[in-house]
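I have placed the structure first, in the form of structure tokens, so that the comments after it can refer back to it.
The values are calculated or read from the model by the stated rules, or taken from the named source; none is laboratory data. For clarity, every value in this text was computed on a predicted model and none was experimentally measured. A quick note on method: Cβ atoms are made from the backbone with ideal geometry, for glycine too, and the neighbour counts reach across all protein chains shown.
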Number of protein chains: 2
Amino acid sequence: MPIPDAAEQFPRKGRVTLRDVAALSGVHASTVSKVLSASSETGRIPPVTVDRVLDAARTLGYRPNLLAASLRTSRSFAVGIIVTDISNPTIPMALLAIEKVLAPLGFISVLAHVEPGSPSLVEDVNRLLDRQLDGMILASSATPDIVLDACARASVPTVLMFGLERRPGLSAVIHDERSGVALLADHLLSLGHRRIAHIAGPQALSTGRSRHAAFLEIMASAGLRQEETPVEIAAAYTREAGRAACVRLLGSHRPTAILAAHDLLALGCLDVFRECGVACPAEISVTGFDDIPNMDLINPSLTTVRLDFEGLGNHAAHLLLNAIDGAASEGDVAILQPRLMVRGSTSAI
Amino acid sequence: MPIPDAAEQFPRKGRVTLRDVAALSGVHASTVSKVLSASSETGRIPPVTVDRVLDAARTLGYRPNLLAASLRTSRSFAVGIIVTDISNPTIPMALLAIEKVLAPLGFISVLAHVEPGSPSLVEDVNRLLDRQLDGMILASSATPDIVLDACARASVPTVLMFGLERRPGLSAVIHDERSGVALLADHLLSLGHRRIAHIAGPQALSTGRSRHAAFLEIMASAGLRQEETPVEIAAAYTREAGRAACVRLLGSHRPTAILAAHDLLALGCLDVFRECGVACPAEISVTGFDDIPNMDLINPSLTTVRLDFEGLGNHAAHLLLNAIDGAASEGDVAILQPRLMVRGSTSAI
DNA sequence: CTGAAAGCGCTTACAG
DNA sequence: CTGAAAGCGCTTACAG
């Protein structure tokens, strides 16, 4: 006489599984799966069965184990987002935009901070990839090649934000940095400035490099000499680093305008002006970059260039989805245009 | 004659698994597992074997599938972080602090935005929990009970930020909101103000409620009458909502000071003052709450109360770890003290 | 010290 | 239309 399989009748250990639902509804686990997961077979199951299964699932309070499903299907519906500087207030806007696109499709966002210079960088990224992410968004302007290599090795669809690294299959979304610098430079030149300094961002950041390069090129083609257009490099996109760079700059030069590579660097300049009694914009004009929130309220209000971070995140998410579907052409590049915001920190010479 | 199992010798489909490493190193997969995962048995394996396995893993470029490991061990090393308002610049600081604690321990942060009023709220949270998260941090001051219920049902260790809901096993970390309001109120009272208005935050937010309640209580105990201490409720912690609330307030009252429930609400007040030609602080003083970055630079610079968001995230992460280990007493509460920042937007009457 | 087996909870061809 | 089996890639008692 066979021993009745009574144990099968009740959920063990408190966890309700597919089998428990199957047992209660009197069908096989595979049938339950077909009902519950929206597969191609879902349609072919008669309403009676569907109802029985649904009822059982409800009474048991069944919740699927998505880890198990992912293991089976090799689809995790998880994307990794790598950032370095979340304290920069523009990053959260981009993150939010990314999630607005991805979340309704069932994707979760795994946020990972990385120190670009960290010795464990590659291992950190690999640990992340070990979780079988469906895609990766590199939302850092300090993404070293070794990170791109790691993503490529894992053959995970990847989108690069802020930087434009040309690689087969790598999509990228960036602001037109050159055009942003040009907008500001033209504004200052049209106000009559001829001694224009640049406080550059860290050259380890792609935005730092491209804004710097654009500055040099535009000033040269405007016919200004190098002595008229000194450059000081800031250690980070922070107010403090901007302050330090400005102090160094004013130690040896007397520009009539400073084109800073970031709003926070410009704020650092304003700190110096205040401490040293320099009138802004009367004596020195200053411009920012990014247009972080509330810069219209400071004194003087900050002339800057507005970047569309929401658009950036939005595009990145869509490019990633394309890459994941394998549908559209990978290696797409989206370039967003900045917009000049003229405020109080600049004036005619 | 048995067919030789040649297929076992080579990685199939490009994915390198434990078995591939086992095949190459000439040991069983279980041995490979013992070597590679830092288990209790790792120590008992002779160096020769360890080396062979490690070599094989390296030459094959083996990476473990963490999904599979999680399924087996019921530990995902993933924590969910639920936020509503990442555009509020204080949230990212807390997120960063959380990750600084959790990431070195191998945990990833799954970031999920939720709309508190969304009809799909519970389902969204459940979908997240379906991923077998090891813990949950509710970093939103608008966490409805149904979310707490969902976490409790899934019996996942949970930490509540910003709010203080007393539940068995629920840890919480908050700022001392009452003390923050008291700091500001005392400051205004000591400057001689007697007609002090409050622009409250949304009452759906726990911070909105507690600051509001503290305001009423403190004003009453200072002996001020209700007509002297009007309250206007803002629709959100945004500059726009602050502007609107301020307009409504000034339509019927003439306070000498406004205690706003958030810096951004105070900024909205400044907008109104500018538009209406009200001199601040000469005619009306205004105070903020939170001390978002760069508020010393605006004109007038903002008197406010500084909250320690880094500490908040740090504590939340540690409380969560305790709850996950099941070690320490769950249901702990950490309360952080705010700090008054006196600046230019307040003056004697 | 190492191997063989079982199983985490799903899904998916494949039969019937 | 439904069931039985196999398997995703790991880990963990359990033998030997």
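Determine which single condition A:D296 fails, assuming it passes every other condition in (1) assigned to a loop (DSSP other than H, G, I, E, B); (2) within 17 Å of A:E240 (Cβ to Cβ).
In the conditions (1) assigned to a loop (DSSP other than H, G, I, E, B); (2) within 17 Å of A:E240 (Cβ to Cβ), A:D296 misses (2) alone.
Is at least one residue of region B:140-150 in a helix (DSSP H, G or I), away from DNA strand C (no atom under 16 Å from the Cβ) and within 11 Å of chain A (Cβ to nearest Cβ)?
yes
Evaluate region B:326-336: report whether one residue or more is farther than 17 Å from B:D263 by Cα, modelled with pLDDT under 90, assigned to a loop (DSSP other than H, G, I, E, B) and out of contact with any Leu (no Cβ under 9 Å at 6 or more places or on another chain).
Among the residues of region B:326-336, at least one is farther than 17 Å from B:D263 by Cα, modelled with pLDDT under 90, assigned to a loop (DSSP other than H, G, I, E, B) and out of contact with any Leu (no Cβ under 9 Å at 6 or more places or on another chain), which makes the answer yes.
Please tell me if A:H193 is out of contact with any Ser or Thr (no Cβ under 6 Å at 6 or more places or on another chain) and touching a residue at least 40 places away in the same chain (Cβ under 8 Å).
It is false that A:H193 is out of contact with any Ser or Thr (no Cβ under 6 Å at 6 or more places or on another chain) and touching a residue at least 40 places away in the same chain (Cβ under 8 Å).
Can you confirm whether region A:272-280 contains a residue that is modelled with pLDDT of 95 or more, under 23 Å from B:S345 (Cα atoms) and touching a Lys or Arg at 6+ places or on another chain (Cβ under 8 Å)?
Yes, region A:272-280 has at least one match.
How many of the residues making up region A:52-72 are small (G, A, S) and away from every other protein chain (no Cβ under 14 Å)?
Final tally of qualifying residues: 1.
How many of the residues making up region B:163-220 are part of a loop (DSSP other than H, G, I, E, B), over 22 Å from B:V333 (Cα atoms) and within 24 Å of the chain's Cα centre (by Cα)?
Residues that pass the stated criteria total 3.
Would you be able to say whether some residue in region B:283-295 is in contact (Cβ under 8 Å) with a residue 24 or more places away in the chain, among the aliphatic types (A, V, I, L, M), more than 29 Å from A:F273 (Cβ to Cβ) and buried (at least 24 other Cβ atoms within 10 Å of the Cβ)?
No: zero hits.
When both residues are 6+ apart or on different chains and their Cβ atoms are under 7 Å apart, which pairs have a first residue that lies in region A:51-77 and is without any contact (Cβ under 8 Å) to a residue 24 or more places away in the chain, and a second that is away from DNA strand C (no atom under 11 Å from the Cβ)?
Close Cβ pairs (under 7 Å, with a partner that is away from DNA strand C (no atom under 11 Å from the Cβ)) amount to A:L66/B:R131; A:L67/B:S76; A:L67/B:R131.
Across region B:127-139, what is the total count of residues that are within 9 Å of another protein chain (Cβ to nearest Cβ) and either buried (at least 17 other Cβ atoms within 10 Å of the Cβ) or modelled with pLDDT under 95 (or both)?
5
Got a sec? Which of B:A334, B:A260, B:A317, B:A323 is in contact with a strand residue (DSSP E or B) (Cβ under 8 Å, 6 or more places away or on another chain), within 14 Å of another protein chain (Cβ to nearest Cβ) and among the small types (G, A, S)?
B:A317
Given the conditions (1) part of a loop (DSSP other than H, G, I, E, B); (2) within 12 Å of another protein chain (Cβ to nearest Cβ); (3) over 27 Å from B:G331 (Cβ atoms), which single one is not true for B:P119?
(2)
Taking the condition of being under 19 Å from A:H113 (Cβ atoms) and either within 10 Å of chain A (Cβ to nearest Cβ) or without any contact (Cβ under 8 Å) to a residue 24 or more places away in the chain (or both), how many residues in region B:99-116 meet it?
11
Among the candidates A:R243, A:R306, A:R274, which residue alone is surrounded by fewer than 24 Cβ atoms within 10 Å (Cβ to Cβ), in contact with a Pro (Cβ under 7 Å, 6 or more places away or on another chain) and under 26 Å from B:L302 (Cβ atoms)?
After ruling out the rest, the residue left standing is A:R306.
Taking region B:53-101 as the search range and keeping residues that are within 14 Å of DNA strand D (Cβ to nearest atom) and of a type in the set (K, R), which one is surrounded by the most Cβ atoms within 10 Å (Cβ to Cβ)?
Looking at residues that are within 14 Å of DNA strand D (Cβ to nearest atom) and of a type in the set (K, R), I get B:R63.
Given the residues A:T49, A:T90, A:T84, which is the only one that is more than 11 Å from chain B (Cβ to nearest Cβ) and modelled with pLDDT under 95?
Answer to the selection: A:T49.
Here is a check on your reading of the model: is B:R153 in contact (Cβ under 8 Å) with a residue 12 or more places away in the chain and surrounded by fewer than 16 Cβ atoms within 10 Å (Cβ to Cβ)?
no
Would you mention how many residues in region B:18-46 are near DNA strand D (Cβ under 10 Å from one of its atoms) and either surrounded by 12 or more Cβ atoms within 10 Å (Cβ to Cβ) or more than 14 Å from chain A (Cβ to nearest Cβ) (or both)?
Count: 20.
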